[in-house]
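In what follows, a single structure is set out as structure tokens and then discussed.
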Ligand SMILES: [Zn+2]
């Protein structure tokens, strides 16, 4: 357990739909996801990060690497029967004004706040560990799906 942790927050806009949910999130809609990543590790004793757990700018970079792929896109589970036709239409390279414009992300999991916290937290953890040569790691990742609802993955 780290004595000190640091936290960076980053927001993205993303849509989703949940195949099995018998509530409003069954229907395609969007959220402003506010994501908080908490990083722990021994405080650095030398170099430009002396006195820091990790440079917060790097955590922002790692979060942008991972979360940027989802920003202004739409997540739907690959096994959701609505997903494939949606992907065929909106990811069709012949029907895009610029390359890479397709915006439907087919996930292998239901894109709930809980699953996103785990998947995004794990991916960011890999980058944080590599960058710090194993000195630092993600302690938790919290995904705020609404102002009043959030899910937290603890590593
Ligand atoms: Zn939702």
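No lab work stands behind these numbers, since they all come straight from the coordinates. What you see is a predicted model; the values in this text were computed from it and never measured. Cβ sites come from the backbone with ideal geometry, for glycine too, and all protein chains shown count toward neighbours.
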Problem - region 4-154, relative contact order [Cα under 8 Å, separation at least 6], % - result: 27
Handout entry: Helix 113-131 axis, angle to the chain major axis (alpha carbon atoms, nearest 10°)
Key = 40
Handout entry: Spread of Cα-to-Cα distances over 5 Å intervals beginning at zero, given as percent, for the chain
Key = 2, 9, 17, 20, 16, 13, 10, 7, 4, 2, 1
Fill in the blank from the handout: In the chain the DSSP beta bridges are antiparallel at a rate, in percent to nearest 5, of 75
Problem - Crossing angle, helix 56-67 versus the chain [Cα axis fit, 0-90 degrees, rounded to tens] - result: 20
Practice task
Set the Förster distance to 25 Å, then compute FRET efficiency between residue 101 and residue 60 from the Cβ-Cβ distance, nearest 0.05.
Solution key: 0.45
Handout entry: Two-site label geometry, residue 13 and residue 43: point separation in nm, points 7 Å out along Cα→Cβ
Key = 4.1
Practice task
Sort 129, 82 so the one with the fewest other Cβ atoms within 10 Å of its own Cβ comes first.
Solution key: 82, 129
Exercise for the section: Would you calculate, for the chain, the mean residue ellipticity at 222 nm contributed by helices, counting each DSSP H stretch of 4 or more residues as -39,500 (n - 2.57) and dividing by all residues, to the nearest 500? Expected result: -8000 deg cm²/dmol
Practice task
Starting from the Cα-Cα distance between residue 79 and residue 155, subtract it from 0.36 nm times their residue separation and give me the gain in nm to one decimal.
Solution key: 24.6 nm
Practice task
Please report the relative contact order for region 63-120, taking Cα pairs under 8 Å with a sequence separation of at least 6, and give it as a percent rounded to a whole number.
Solution key: 41
Fill in the blank from the handout: If the chain between residue 89 and residue 146 were fully extended at 0.36 nm per residue, the gain over the current Cα-Cα distance would be 17.6 nm
